[in-house]
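K.L.:
This is the structure, below, for whatever I ask next.
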């Protein structure tokens with residue numbers, strides 16, 4: 001049983017959804033210096049934003065919006081043929097100052113609570129492991145969270161999210177090895193099979209969108225080096241994951 005506290009937010013759709021409409025679990029970080037400020041923001045009608053859950057630095061789990069209501073956490077978002085993922089997801093915010101405010105490792109107590117809460121939600125809503133994502137996966141041109149310090153590999157060992165099956169030795173050997181244009185195209189084909197979407201924008205150049213997509217992939221699957229550039233290591237990882245999913 002999970003110990004949960006309640007601090008309800010007004011930032012959700014009033015119409016309830018059905019249990020089987022929930023397909024995704026999305027992780028975020030709060031991205032604010034003070035934990036209290038992030039709680040105030042998520043529970044204020046002024047900001048029109050909230051997840052379903054917040055995990056505090058000490059591991060406490062706060063319920064902000066009940067699961068069957070659509071919370072406003074994902075914003076403009078895309079994954080495979082899904083868009084605007086608020087409708088089909090549960091959002092979990094984790095207290096962390098984020099990249100703008102001295103990004104920190106997630107605490108051991110937070111990791112423990114993420115494990116407990118995720119296993120509970122996965123079982124309750126039959127959420128597929130490939131549908132457990134970060135905010136930056138579904139909104140790569142806007143978001144960086146939960147970021148490269150989020151331990152995706154550890155969680156995948158506990159059946160929370162996916163990971164590749166390549167050895168560290170093989171990956172290090174291929175890190176920063178240049179690839180040709182043909183191989184770059186294969187990389188993008190692989191990440192689109194995984195679920196990432198290339199969404200055209202009037203405010204961001206095509207080249208920059210590609211770089212943000214690569215960066216998002218790296219924050220998730222190649223956390224040791226985030227440089228927005230495709231190398232042999234990235235290609236091997238993308239191929240390994242794409243094959244697992246098909």
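What follows is calculated from the coordinates using simple rules that are stated; it is not laboratory data. If you're wondering where the values come from, they're calculated on a predicted model, not measured in any experiment. FYI the Cβ positions are ideal-geometry reconstructions off the backbone, even for glycines, and counts take in every protein chain you see.
Yes/no per residue for (1) surrounded by 23 or more Cβ atoms within 10 Å (Cβ to Cβ); (2) outside any loop (DSSP other than H, G, I, E, B):
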{"position": "8", "(1), (2)": "no, no"}
{"position": "20", "(1), (2)": "no, yes"}
{"position": "27", "(1), (2)": "yes, yes"}
{"position": "38", "(1), (2)": "no, yes"}
{"position": "50", "(1), (2)": "yes, no"}
{"position": "75", "(1), (2)": "no, no"}
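K.L.:
Scan the stretch 122-135 residue by residue and report those that are more than 15 Å from the chain's Cα centre (by Cα) and surrounded by 21 or more Cβ atoms within 10 Å (Cβ to Cβ).
P.N.:
If the condition is that a residue be more than 15 Å from the chain's Cα centre (by Cα) and surrounded by 21 or more Cβ atoms within 10 Å (Cβ to Cβ), then no residue fits.
K.L.:
If only one of 202, 215, 183 is surrounded by fewer than 21 Cβ atoms within 10 Å (Cβ to Cβ) and in a loop (DSSP other than H, G, I, E, B), which one is it?
P.N.:
202
K.L.:
Before we move on, is residue 59 closer than 26 Å to residue 131 by Cα, surrounded by fewer than 19 Cβ atoms within 10 Å (Cβ to Cβ) and touching a helix residue (DSSP H, G or I) at 6+ places or on another chain (Cβ under 8 Å)?
P.N.:
Against the criterion (closer than 26 Å to residue 131 by Cα, surrounded by fewer than 19 Cβ atoms within 10 Å (Cβ to Cβ) and touching a helix residue (DSSP H, G or I) at 6+ places or on another chain (Cβ under 8 Å)), residue 59 qualifies.
K.L.:
Which members of the stretch 55-72 meet the condition of being part of a loop (DSSP other than H, G, I, E, B) and in contact (Cβ under 8 Å) with a residue 60 or more places away in the chain?
P.N.:
72
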